[in-house]
Amino acid sequence: MVDSEKFRKLLLCLAIVLSASVTGFGCWCRDPGPVLDRFENSKSVVVARVASVGETEATLVVDRVYKGKLRSGVALRFRQGVFTDCVRGFESEEIGGRYLLYLGKPPKDSFYEASTCNGSNKLASAFDDLAYLDRMAEVAGKTRLSGYFTTASSDNPDVEGLLVRITGKRNSYTLTTDKNGFFEVYGLAPGDYIIEPQIPEHWKIDRKYMFGDEDNSANFKGFTGTIKSMRHTLARIRIRYDISALPAARFAPADAANAAKHPRDHNDRDLKTDLLKVILGGDTL
């Protein structure tokens, strides 16, 4: 006969374990793909301004419409998401700020949801998408190769004016990044291209992150990305701060001594915080 008290405790333990397992999962997203795919897969694509923020909902007012039946000035109610459900939450500090939103089917008696997985983003961070959306009529039917530099480090490198060389079988092109580290080119013939980005001073390719190996990145020359007639190839280059190139003056004496004694710890810490990546890809518009 089963001991009821032991059985009750076992069920309680299982409930705690299952609860911990569920809450331990965060939001996980697949790559949302190029802007053209996200545009075609959305019912509405709009720029909206945050008007009010509550605990469970937020109101955004449409400023600009790229696709769909919504009109400028219309107020939309959004459910406040949490990290684990991949739905964006809005903060009171964002009132007045604007978002680029890829929206699904309009809700009947419910709220819109701003997914964190489909490319919806703060307008200031959506420059790659806007570069296409603002020129859709002009660039329709052309291939597109675009990319940008970004870093989560508080010690931001200067990403304006970097050269990006694109070499195909017949032609080569040199692009220059803007203040956001962004570049793009339209009308490349379908085929393979070698992409060679200029790396900011004191930064280098993080081959371990890119390729899963420990090879020295000094010999990195470029990578091959394929532009096909109806497909988009998204290649990622991630580079990290080159600790060996850091000027000695950047360290206080105590920090420099500590870094010399524990080089592995020091480098690991910087690898996690001082990262720079460039996203490159091509699609037919």
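The values are calculated or read from the model by the stated rules, or taken from the named source; none is laboratory data. In this text, all values refer to a predicted model and were calculated from it rather than measured experimentally. Note that each Cβ is placed from the backbone with ideal geometry, even for glycine, and that neighbours are counted across all protein chains shown.
Only one entry in SER42, SER120, SER52, SER115 is of a type in the set (S, T, N, Q), surrounded by 18 or more Cβ atoms within 10 Å (Cβ to Cβ), touching a residue at least 12 places away in the same chain (Cβ under 8 Å) and farther than 24 Å from ARG135 by Cβ, namely SER115.
Quickly run through the stretch 80-115 and pick out the residues that are closer than 14 Å to SER42 by Cα and either in a helix (DSSP H, G or I) or at pLDDT below 95 (or both).
Once the filter is applied, which keeps residues that are closer than 14 Å to SER42 by Cα and either in a helix (DSSP H, G or I) or at pLDDT below 95 (or both), the stretch 80-115 yields GLY104, LYS105, PRO106, PRO107, TYR112, GLU113, ALA114, SER115.
Would you point out the residue of the stretch 69-82, among those that are in contact (Cβ under 8 Å) with a residue 24 or more places away in the chain and closer than 12 Å to ALA114 by Cα, that is surrounded by the most Cβ atoms within 10 Å (Cβ to Cβ)? In this case the residue turns out to be PHE78. Looking across the stretch 179-199, the residues that are surrounded by fewer than 16 Cβ atoms within 10 Å (Cβ to Cβ), assigned to a loop (DSSP other than H, G, I, E, B) and on the phi < 0 side of the Ramachandran plot come down to LYS179, ALA189, PRO190, GLN198.
Figure legend. Inter-residue proximity from the stretch 123-139: first residues farther than 14 Å from VAL47 by Cα, second residues part of a loop (DSSP other than H, G, I, E, B), beta-carbon distance below 6 Å, spacing 6+ or different chains. Indicated pairs: VAL139/LEU285. Surrounded by fewer than 19 Cβ atoms within 10 Å (Cβ to Cβ), in contact with an Asp or Glu (Cβ under 8 Å, 6 or more places away or on another chain) and not assigned by TED's automatic domain parsing to the domain that holds ALA75: does that describe GLU160? Considered against the rule, which asks whether it is surrounded by fewer than 19 Cβ atoms within 10 Å (Cβ to Cβ), in contact with an Asp or Glu (Cβ under 8 Å, 6 or more places away or on another chain) and not assigned by TED's automatic domain parsing to the domain that holds ALA75, GLU160 comes out as yes.
The numbered conditions (1) modelled with pLDDT of 90 or more; (2) surrounded by fewer than 18 Cβ atoms within 10 Å (Cβ to Cβ); (3) within 29 Å of ALA131 (Cα to Cα) are all true for ALA58 except (2).
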